[in-house]
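Input: a single structure, listed below in structure tokens.
The values are calculated or read from the model by the stated rules, or taken from the named source; none is laboratory data. It should be emphasised that the depicted structure is a prediction, and the values quoted were computed from it without experimental measurement. For neighbour counting, all protein chains shown are included, and Cβ atoms are generated from backbone atoms with ideal geometry for every residue, glycine included.
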């Protein structure tokens, strides 16, 4: 009889040890998934903020172009409205939708700018150089925003699956909820190549000119 009790006690200890090991593994997996979500959200927010910081200067340059070409006013106003809406958006779903609309408005304005060809022997205005250079930079940032969204949403999906266990119920503050950002891939022809945006027939053009400024 004592031998049986020893075996039962040993079995109970093994079960407790196995349960502790499983809990530690689950805790570490959840912590890693949570940290990946937090880092993805931080990177996404940083890139969104970077693009937004470029837009005021971009709109200022476009305002000078509107004086030369009044047909641009509607597209410039649309970017301004989308920018204002993006700044007021709160929550992942609203932010994702607002950033999408901002991307579309920027692309439509750029299509209008791209239709304005610089004649041979003429130089683009300072405002046009600045506007197109800033647009190239915003396109680069937008590609990072799209990549950040995919990375963040993938980690949120993984985290939510792991969060269905017992630990998040016992420690809700340590393992908070993360909401995906509905930022979709936009099939837009952004023409981000500098040789396409600034005509090489411009006598002032040379590779790297956009990043140098005038």
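Report yes if some residue within the range 184-195 is modelled with pLDDT under 75, outside any loop (DSSP other than H, G, I, E, B) and on the phi < 0 side of the Ramachandran plot; otherwise report no.
Checking the range 184-195: at least one residue is modelled with pLDDT under 75, outside any loop (DSSP other than H, G, I, E, B) and on the phi < 0 side of the Ramachandran plot.
Can you give me the number of residues within the range 52-93 that are in a helix (DSSP H, G or I), touching a residue at least 60 places away in the same chain (Cβ under 8 Å) and closer than 30 Å to residue 180 by Cα?
5
Is it the case, given these coordinates, that residue 51 is surrounded by 15 or more Cβ atoms within 10 Å (Cβ to Cβ), modelled with pLDDT of 80 or more, within 27 Å of the chain's Cα centre (by Cα) and closer than 30 Å to residue 111 by Cβ?
It is true that residue 51 is surrounded by 15 or more Cβ atoms within 10 Å (Cβ to Cβ), modelled with pLDDT of 80 or more, within 27 Å of the chain's Cα centre (by Cα) and closer than 30 Å to residue 111 by Cβ.
For residue 135, indicate whether it is modelled with pLDDT of 85 or more, surrounded by 13 or more Cβ atoms within 10 Å (Cβ to Cβ) and touching a helix residue (DSSP H, G or I) at 6+ places or on another chain (Cβ under 9 Å). Working first, answer last.
On the way: modelled with pLDDT of 85 or more: no; surrounded by 13 or more Cβ atoms within 10 Å (Cβ to Cβ): yes; touching a helix residue (DSSP H, G or I) at 6+ places or on another chain (Cβ under 9 Å): yes.
No.
Can you pull out the residues in the range 154-174 that are part of a helix (DSSP H, G or I) and out of contact with any helix residue (DSSP H, G or I) (no Cβ under 8 Å at 6 or more places or on another chain)?
154, 157, 160, 161, 169, 170
Does any residue of the range 91-102 turn out to be over 20 Å from the mean Cα position of the chain (by Cα), surrounded by fewer than 14 Cβ atoms within 10 Å (Cβ to Cβ) and over 17 Å from residue 130 (Cα atoms)?
Within the range 91-102, none of the residues are over 20 Å from the mean Cα position of the chain (by Cα), surrounded by fewer than 14 Cβ atoms within 10 Å (Cβ to Cβ) and over 17 Å from residue 130 (Cα atoms).
Taking the condition of being surrounded by fewer than 16 Cβ atoms within 10 Å (Cβ to Cβ) and more than 17 Å from residue 138 (Cβ to Cβ), how many residues in the range 58-81 meet it?
9
Give just the number: which of (1) crowded, with 16+ Cβ neighbours inside 10 Å; (2) under 30 Å from residue 37 (Cβ atoms); (3) more than 16 Å from the chain's Cα centre (by Cα) does residue 84 not satisfy?
Here residue 84 clears every test but (1).
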